[in-house]
Amino acid sequence: MDVVACVGVLLPFPFYFWLWTYPQTWVDLCGKARDPSKVMAHVSHLLKLLQLLSLISVASISWPPPLYFWPLFILGQFLNFRVYQLLGESGTYYGVRFGKNIPWVMEFPFGYIKDPQYVGSIMSLLACLCWVPFLYIFLWVLGYVFMIWVESKDDPATRAKPFA
């Protein structure tokens, strides 16, 4: 077991937990000049890069991948793309928690799949089991399951003040 890779895979989840649980601290830290969702997106992309590098460091890639790889990975990425397309940056990166007014979306995959972005991400990770040891995929999926649980406890009283 590579402890550094395990930490790298789990790295974003304390950040997401903090922002979901204490959004006003993030809004205050970003200040009036910076959009908290945009700053979160930048930090999240950096953390995602570290996660991917962690997986690559323990992967043993052989080509071509098994047939199950393509449908899982493509459908997973489609769900991720569709969520971002419908919600935009502010909707994807906790804008509602940061006091933004984000319209409710019911187009596919919303209303059909609960937590479609997490489902898509999990599908993409499962596709990579052909290259990455189970432990690292399991830890990453566990992080997503934890965040699904955290985000299911959306207490409007803990949201940040409306963002201008």
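The values are calculated or read from the model by the stated rules, or taken from the named source; none is laboratory data. These numbers come from a predicted model, not from an experiment. Quick reminder, even Gly has a Cβ in these numbers, built from the backbone with ideal geometry, and neighbours come from all protein chains shown.
Just checking, which of L67, L53, L86 is over 17 Å from R97 (Cα atoms), aliphatic (A, V, I, L, M) and in a loop (DSSP other than H, G, I, E, B)?
Step by step, each of L67, L53, L86 is checked, and only L67 is over 17 Å from R97 (Cα atoms), aliphatic (A, V, I, L, M) and in a loop (DSSP other than H, G, I, E, B).
On the given criteria, is V43 at pLDDT 95 or above, farther than 24 Å from F108 by Cα and over 16 Å from the mean Cα position of the chain (by Cα)?
Considered against the rule, which asks whether it is at pLDDT 95 or above, farther than 24 Å from F108 by Cα and over 16 Å from the mean Cα position of the chain (by Cα), V43 comes out as no.
(1) farther than 22 Å from G91 by Cβ; (2) touching a helix residue (DSSP H, G or I) at 6+ places or on another chain (Cβ under 9 Å); (3) assigned to a helix (DSSP H, G or I): which one isn't true of K48, the others all being true?
Unmet for K48, out of (1) farther than 22 Å from G91 by Cβ; (2) touching a helix residue (DSSP H, G or I) at 6+ places or on another chain (Cβ under 9 Å); (3) assigned to a helix (DSSP H, G or I): (1).
Output the residue which, of all residues in the stretch 139-154 that are exposed (fewer than 14 other Cβ atoms within 10 Å of the Cβ) and not hydrophobic (A, V, I, L, M, F, W, C), is farthest from Y84 (Cα to Cα).
In this case the residue turns out to be K153.
Right, F17: surrounded by fewer than 18 Cβ atoms within 10 Å (Cβ to Cβ) and more than 19 Å from G120 (Cβ to Cβ) or not?
So F17 fits the description; yes.
With respect to I74, is the statement that it is surrounded by fewer than 18 Cβ atoms within 10 Å (Cβ to Cβ) and part of a helix (DSSP H, G or I) true?
yes
Take the stretch 83-115 and flag every residue that is buried (at least 17 other Cβ atoms within 10 Å of the Cβ) and not aromatic (F, W, Y).
V83, L86, L87, S90, G91, T92, G95, V96, R97, K100, P109, D115
Here is a list of conditions, (1) out of contact with any helix residue (DSSP H, G or I) (no Cβ under 9 Å at 6 or more places or on another chain); (2) more than 20 Å from T92 (Cβ to Cβ), and F69 meets all of them except one; can you say which number that is?
(1)
Taking the stretch 55-105, which residues are within 16 Å of the chain's Cα centre (by Cα), among the small types (G, A, S) and on the phi < 0 side of the Ramachandran plot?
Hits for the stretch 55-105 are G76, S90, G91, G95.
Those residues that are among the aromatic types (F, W, Y), part of a loop (DSSP other than H, G, I, E, B) and closer than 16 Å to L86 by Cβ, I need them from the stretch 100-138; list them, please.
Selection gives W104, F108, F110, Y112.
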